[in-house]
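Asks: The structure is given below, and queries will be raised subsequently.
What follows draws every value from the coordinates through simple rules; no lab data is involved. A quick note: this is a predicted structure, and the numbers were derived from the prediction, not measured. All Cβ positions, glycine included, derive from the backbone under ideal geometry; neighbour counts span all protein chains shown.
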Amino acid sequence: MKVSLRKYAKALCESLDKEKDAKVVNQKIQNLLKILTKRKQGKMIRQLPAAFKNLWFKMHDQMDVKVVLAEAPTKDEVKNIEKLLSAAFDKDVIITTSVDPDVIGGMKLEFDDSIIDNTVSANLEKLKQHLTN
């Protein structure tokens, strides 16, 4: 009987939930990878991190948000963005920032299957579309 990717990810999440020791965490992950290889389910290894991350965030009421900015933010700006997004989504938000010089100003948020593009370049494009119509 083959076990689904979701079940493997869930088992890993549950086994690592309260674990603090990095060596134990690494050993548990290695054991799972050995099991996948032994059961000839090695193709799942590439998909496992994304499935694990989604379940982990769901278990801990967290969400991952990618924030795209024109310039690298300061630590205080990152903390402020995290605070604002945590309040807006009513979840613990973990942000990843990236810099895109095409942004000009504003920011773009990417989370789950959604994109909120409130950049100057996107607003200029909307204005252009509006004026041409």
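Asks: What are the residues in segment 15-34 that are outside any loop (DSSP other than H, G, I, E, B) and free of Cβ contacts under 8 Å to residues at least 12 places away in the same chain, if any? Steps first, please.
Replies: Our first condition is that a residue be outside any loop (DSSP other than H, G, I, E, B); within segment 15-34, this holds for 15-16, 22-34.
Answer for segment 15-34, where residues must be outside any loop (DSSP other than H, G, I, E, B) and free of Cβ contacts under 8 Å to residues at least 12 places away in the same chain: Ala22, Lys23, Val24, Val25, Asn26, Gln27, Gln30, Asn31, Lys34.
Asks: For segment 75-133, which positions are of a type in the set (A, V, I, L, M), surrounded by 14 or more Cβ atoms within 10 Å (Cβ to Cβ) and closer than 21 Å to Lys58 by Cβ?
Replies: Matches in segment 75-133: Leu85, Val93, Ile94, Ile95, Leu109.
Asks: Are any of the residues in segment 29-44 of a type in the set (Lys, Arg) and surrounded by 15 or more Cβ atoms within 10 Å (Cβ to Cβ)? Give the derivation first.
Replies: Here is the first cut: in segment 29-44, the ones of a type in the set (Lys, Arg) are 34, 38-40, 43.
Going one step further and asking which of them are surrounded by 15 or more Cβ atoms within 10 Å (Cβ to Cβ), we end up with none.
Checked segment 29-44: no residue is of a type in the set (Lys, Arg) and surrounded by 15 or more Cβ atoms within 10 Å (Cβ to Cβ).
Asks: Here is a list: Ala51, Ala22. Which entry is more than 22 Å from Asp113 (Cα to Cα) and either of a type outside the set (Lys, Arg) or loosely packed, with under 15 Cβ neighbours inside 10 Å (or both)?
Replies: Values: Ala51 fails: more than 22 Å from Asp113 (Cα to Cα).
None of the others qualify; the one that does is Ala22.
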